[in-house]
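Heads up: the structure comes next, in structure tokens.
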Amino acid sequence: MRSNHSTCFTAALIVAALASSAASAQSHPEYIPLGRVTGALYRPDAGPAPHVAFVVMHRTANFLNHIACHELSARGFLALCANTRFQNNESQVRWEETPLDVKAAVDFARKQPGITRVILFGHSGGGPLMSFYQAVAEKGLAYCQDAKKLVRCGNDLAGIERADGIVFADAHAGNPVQALRDLNPSVVMEGGKLRVTPEIDPLDPKNGYNPTGPSHYSKAFQDRYFKAQADVMTARIQNVLDKRAQMQKGTYPYPDDDIVLIPGGGNPGAGAGGDASLIALDPDIPELMSTSKPEKLLKNDGIIATQIVKSVAVAVPGLAKTNRDFDNGTKIFTTKSFLSANAIRTTDAREGIDHCSSNNSTTCAAGSITVPIMIAAMGAYHFIRDDEIIYERAASKDKDFVVIEGAVHGFTPCTPCEKTPGQYSNTVKNLFDYVAAWTNKRF
């Protein structure tokens, strides 16, 4: 099940790459084996030898043909797209091991002739991955071994070398936050049967659900729902911690690990399937779908406006139809992968999140990062406010935040969002031109 969903996400990225005007920027990417890491090295086909290298990775998705490597190599940079040891294997992720895979890629990039700077590129789940690596590189083991972390890292992360900068491209706040907001708290498994709690059921028209268009949930329902999501996450964390304690005492059936099933947990892939995230059903929730103050909006014509930016994402009511299925609506982890990469302390899924209770948190890690960072949120997706918060919390003195008008999560235009054909036709070009200009100015 995990492999199928990750493959769908990867396929979307491949389609985006092939649709790009720069799909032939690197005619012959070189396959790079790096122990448990696999990579594809993209060099510019023409022009001066690059001195800046980008490293592009995700914790589980196959990024070897990621659009960023095509676009960045077309703009004169060396780009290494790589996969971690947990490629297509969400249930086995040991988050605290992932910086070792980023280290292998960063070390390789630094050794390439002429390279003087290495920049991390964090797209989607690559955001928490790259920010975790950088936070440990800058702050040392004290960052990832903090007592408040649900899972602490090992001493094997000591001494990893910091990157010179980070580009966050529609990075999310962290997998635990995603898991929290995807939960359908109304779905309960009791005695081998699914039971639904009506007063917090997001798929009940009485609560504001629209099966054919955007839903509209009242503030009262939103408050109940976000609180219920937090309560479910808290109860599940305690349940898994109890199991772990029994394992340590030798009183549990298994001495090492066990399965964790999350009915109504949403699709295990990236933003498609059986998610019960309210913002996918009702995009008009400003606390999550809009900047809190005027920010830069890179418009389709290349002009930058400064304004309150609200996502133009359209509702996806079909996502909820499979939320009570097993294949598309149930997440499967183990006690280790759940605590390590998918659990977070919370009192409210909207704003009451203890981001630093997990090592898998872009929002927490940003506070320990001082190198230059650039954050680009996609204007037709769900991470505008989360990315603004990451920008606000970043310790970097040199930091930039921009929203790409009309872009979906994979950077391509949101055609269903357009009022006129071609309204958002330049999203890919605008994003990577901006990244290139930001990079060349600093490095």
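If you take the square roots of the eigenvalues of the alpha-carbon gyration tensor of the stretch 331-373 and sort them as a ≥ b ≥ c, do you get rounded (a/c under 1.5), prolate (a/b over b/c) or oblate?
The shape class here is oblate.
Roll a 1.4 Å probe over the protein heavy atoms and report the accessible area of Y42 in Å², nearest 10.
Its heavy atoms expose roughly 10 Å² to the probe.
Could you sort out which of K227/K399; K206/K321; K103/K296; K148/K399 sit more than 23 Å apart by Cα distance in this structure?
With Cα atoms farther than 23 Å apart: K227/K399; K103/K296; K148/K399.
Taking a temperature of 10 °C and a viscosity of 1.306 mPa s, what whole-number D in µm²/s does Stokes-Einstein yield for the stretch 23-85 with Rh from Kirkwood over alpha carbon pairs?
Details: Rh = 11.5 Å.
The estimated diffusion coefficient comes to 139 µm²/s.
Over 20 Å intervals from 0, what percent of Cα-Cα pairs in the chain sits in each interval?
That works out to 27, 59, 14, 0, in percent per bin.
Below 8 Å, C-alpha to C-alpha, sequence gap of six or more: please give me the relative contact order for the stretch 220-302 in percent.
Worked out over the stretch 220-302, it gives 10 percent.
Going by a ≥ b ≥ c, the root eigenvalues of the Cα gyration tensor, does the stretch 351-443 fall in the rounded group (a/c under 1.5), the prolate group (a/b larger than b/c) or the oblate group?
oblate
Accessible area of the chain with a 1.4 Å probe: how many percent of it is carbon plus sulfur?
53
Can you check how the C-alpha radius of gyration of the stretch 127-166 compares to 2.2 N^0.38 Å, as a plain ratio?
Scaled against compact globular proteins, the figure is 1.11.
Per DSSP helix of 4 or more residues, -39500 (n - 2.57); summed, then divided by the residues of the chain. What does that give at 222 nm, rounded to the nearest 500?
Using -39500 (n - 2.57) per qualifying helix, the result is -9500 deg cm²/dmol.
Per residue, how much accessible area does the stretch 289-436 show when a 1.4 Å probe rolls over the protein heavy atoms, in square angstrom?
That works out to 35 Å² for each residue.
Given the Cα atoms of the stretch 35-157, and with Rh set as the inverse mean 1/r over their pairs in the Kirkwood sense, what is Rg to Rh to two decimals?
Rounded to two decimals, Rg/Rh equals 0.99.
Quick query: amide H of N359 versus all other amide H atoms, modeled in the peptide plane; which residues come in under 5 Å with a sequence gap of 5 or more or a different chain?
Counting only residues 5 or more places away or on other chains, the set is L150, V151.
Before anything else, pin down the relative contact order of the chain: Cα pairs under 8 Å, at least 6 apart, normalised by residue count, whole percent. Walk me through the numbers before you get to the answer.
Numbers: 1048 pairs, mean separation 74.0, N = 443.
Dividing the mean separation by the residue count of the chain yields 17 percent.
The values are calculated or read from the model by the stated rules, or taken from the named source; none is laboratory data. Here the structure is a predicted model, which is why all the values come from computation and not from measurement. Accessible surface is based on the protein model in full, side chains and every heavy atom, while ligands, DNA and RNA are left aside. Shrake-Rupley method; radii C 1.70, N 1.55, O 1.52, S 1.80 Å.
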